[in-house]
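The values are calculated or read from the model by the stated rules, or taken from the named source; none is laboratory data. No experiment lies behind these values; they were computed from the predicted model shown. All Cβ positions, glycine included, derive from the backbone under ideal geometry; neighbour counts span all protein chains shown.
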Amino acid sequence: MTTAPAAIGGTLSVQTLKTRVLDVAIEMVARRGPDDVNLRDIAETIGTGVSSLYYYFKSKDALLAEVAAEGFGQLEAAVVAARNDGSGREPIRKCGGAYLRFIRERPMLYKVMYLERILSGFEVARAAERRAFETFAAGIADGAPTQATEDSALALWAFGRGVAALSMAQDANEAGSGRELARRLVGGLEVLIGRRIRGTP
């Protein structure tokens, strides 16, 4: 039977330790990107041994799956806040804007959320994505969903995934350049959804 690790310095609870690991991992993702997240560095940062991390996360990918789930939770919360902001703007602009801001402001976290091996390998990430998308689609509908609102939600959601894929490919060719590409792509779509595009079917 696996025994829970002792609290760090005798002061942190087991749950606090797990939360702290996730917080540090998210910070590390933002600074380095997902490929350079290192369990040993995380353990050193919070002042514990690597074995303590393995009590909660069986591998680096298991930790990244929890980071992805946290990211989807943050995205969902941002969409809810935008939907309820009382601004009177159209739902697609409020919720779509919140989604695009999330991608622009947290590009590395978003990349983790859509790493194929994470989504395909960990139910915790897939379940969090489903919840986030359902909230996003409901926010755009702002009432009874229609085919048009569902299609709008799906189109914006897919755009975000495309941004992540393109920026990761760009980073592979030139480290650090993916963030700038993501910023430009999101900025371009923000211009488009901020205007009525006439003459389109």
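Assorted remarks:
- Filtered residues of the range 36-69 (kept if of a type in the set (D, E, K, R) and either touching a residue at least 40 places away in the same chain (Cβ under 8 Å) or surrounded by 13 or more Cβ atoms within 10 Å (Cβ to Cβ) (or both)): D41, E44, K60, D61, E66
- Checking each residue in the range 97-139 for being among the hydroxyl-bearing types (S, T, Y) and in contact (Cβ under 8 Å) with a residue 40 or more places away in the chain picks out Y99, Y110, Y114, T135.
- Test: A153 is of a type outside the set (V, I, T), in a helix (DSSP H, G or I) and either outside the structural domain of K94 (by TED's automatic domain parsing) or free of Cβ contacts under 8 Å to residues at least 12 places away in the same chain (or both): no
- Residue in the range 96-105 that is of a type in the set (V, I, T) and either more than 20 Å from the chain's Cα centre (by Cα) or modelled with pLDDT of 95 or more (or both) present: no
- Criterion: buried (at least 20 other Cβ atoms within 10 Å of the Cβ), aromatic (F, W, Y) and closer than 25 Å to R183 by Cβ - qualifying residue of F133, F72: F72
- Filter pass, A68 being assigned to a helix (DSSP H, G or I) and in the same structural domain as G176 (by TED's automatic domain parsing): yes
- Failed criterion for Y99 (all others in (1) out of contact with any Asp or Glu (no Cβ under 9 Å at 6 or more places or on another chain); (2) of a type in the set (S, T, Y); (3) surrounded by fewer than 20 Cβ atoms within 10 Å (Cβ to Cβ) hold): (3)
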